[in-house]
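One structure is given here, and the rest of the page talks about it.
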Amino acid sequence: MGRSTKAEILAANRAAGIAGERIAARQLAAAGNKILGSQVSVRTSSGLRRIDHLIQTPGGRIVAIEVKTGNAVRNAAQLAKDALLSTEGGVLVGRNSPMALRGQHRVIEMIEWWVRVR
């Protein structure tokens, strides 16, 4: 057996990410959270940030969830935008944003949610 190509590795990582997001959605809901939207876009002062899941906790807080699988880590751009989201906030935009929040400027905490994908 030969080594995997870069394209094969990227495809496998993408598939694991999609599977991880589905698993995370089930886990989050089972923990009593309400999924407000998935693949939600937020415009920060540093550009657009895509949120894997936007949830409302049982206590009513709106929180952004970044799903990670395997050895994945947030890149520098994600970390910078996440810091902005938690301090100056951003505007929820796009078709995946919940209608009730679309166009609103909100300060949102980003939480990493680790999922094991087999």
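Here, each number is a calculation from the coordinates, and none is a lab measurement. Computed from a prediction, not measured in an experiment: that's the story for all the values here. Neighbour counts are summed over all protein chains in view; Cβ atoms, including those assigned to glycine, are modelled from backbone coordinates with ideal geometry.
Can you say whether Ala15 is out of contact with any helix residue (DSSP H, G or I) (no Cβ under 8 Å at 6 or more places or on another chain), farther than 22 Å from Ala72 by Cα and of a type outside the set (Asp, Glu), as far as the supplied structure shows? Here the answer is no, as Ala15 does not meet what is asked.
Please enumerate the residues belonging to the range 28-40 that are under 18 Å from Leu92 (Cα atoms) and surrounded by fewer than 19 Cβ atoms within 10 Å (Cβ to Cβ).
Lys34, Ile35, Ser38, Gln39
If the condition is being more than 13 Å from Val67 (Cβ to Cβ) and touching a residue at least 60 places away in the same chain (Cβ under 8 Å), then the range 13-42 contributes Leu36, Gly37, Val42. When only residues in the range 69-104 that are surrounded by fewer than 18 Cβ atoms within 10 Å (Cβ to Cβ) and in contact with a helix residue (DSSP H, G or I) (Cβ under 8 Å, 6 or more places away or on another chain) count, which is farthest from Arg14 (Cα to Cα)? Of everything passing the filter in the range 69-104, Arg74 is farthest from Arg14 (Cα to Cα).
Looking at the range 10-102, the strands (runs of 3 or more DSSP E) lying wholly inside it that each contain 3 or more residues that are of a type in the set (Ser, Thr, Tyr) sit at 34-44.
Screening the range 66-82 for residues that are within 15 Å of Val42 (Cβ to Cβ) and of a type in the set (D, E, K, R) and picking the one that is nearest to the chain's Cα centre (by Cα) gives Glu66.
Please tell me if Ala25 is among the hydrophobic types (A, V, I, L, M, F, W, C) and surrounded by fewer than 18 Cβ atoms within 10 Å (Cβ to Cβ). Give the derivation first.
On the way: among the hydrophobic types (A, V, I, L, M, F, W, C): yes; surrounded by fewer than 18 Cβ atoms within 10 Å (Cβ to Cβ): no.
In short, no.
For the range 8-22, check the following and say yes or no: at least one residue is in contact with a Phe, Trp or Tyr (Cβ under 6 Å, 6 or more places away or on another chain), among the small types (Gly, Ala, Ser) and surrounded by 12 or more Cβ atoms within 10 Å (Cβ to Cβ). If you could, list the steps in order and put the result at the bottom.
Restricting attention to the range 8-22, the residues satisfying the condition of being in contact with a Phe, Trp or Tyr (Cβ under 6 Å, 6 or more places away or on another chain) are none.
Scanning the range 8-22, I find no residue that is in contact with a Phe, Trp or Tyr (Cβ under 6 Å, 6 or more places away or on another chain), among the small types (Gly, Ala, Ser) and surrounded by 12 or more Cβ atoms within 10 Å (Cβ to Cβ), so the answer is no.
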